[in-house]
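Heads up: the structure comes next, in structure tokens.
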Amino acid sequence: MKKDIHPKYFPNAKVTCACGVTFTIGATKESIEIETCSACHPFYTGAQSALRGSRVERFRKRAEKHEDLKTK
């Protein structure tokens, strides 16, 4: 491994969200500002629900319909 080419690592880098939440992580920057975090993102807070009907669910529904036709 070459010497003196790697960025400095900050094991206690401070992350600040736009909503005001702060936490620490390991990063190559000493402080990081982000727009959304798990405390304010709509999906994690419950303001946004999961997508309706995933591909797996649609496949299972088609397979179930096929099995019903097969048994008749």
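Nothing in this text is a laboratory measurement; each read-out follows from the coordinates by a stated rule. If you're wondering where the values come from, they're calculated on a predicted model, not measured in any experiment. Here Cβ is always computed from backbone atoms with ideal geometry, including for glycine, and neighbour counts include all displayed protein chains.
Results, tabulated for the structure shown:
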| item | result |
| --- | --- |
| Nearest-ten-degree value, helix 55-71 long axis tilted from longest Cα axis of the chain | 20 |
| Inverse mean reciprocal Cα-Cα distance (Kirkwood Rh) of the chain, Å | 16.8 |
| Difference of contour (0.36 nm per residue) and Cα-Cα distance, GLU35 to ASN12 | 6.3 nm |
| Once exposed loop GluC sites (Glu not before Pro) are cut out (DSSP; at most 10 other Cβ, 10 Å), longest piece of the chain | 36-72 |
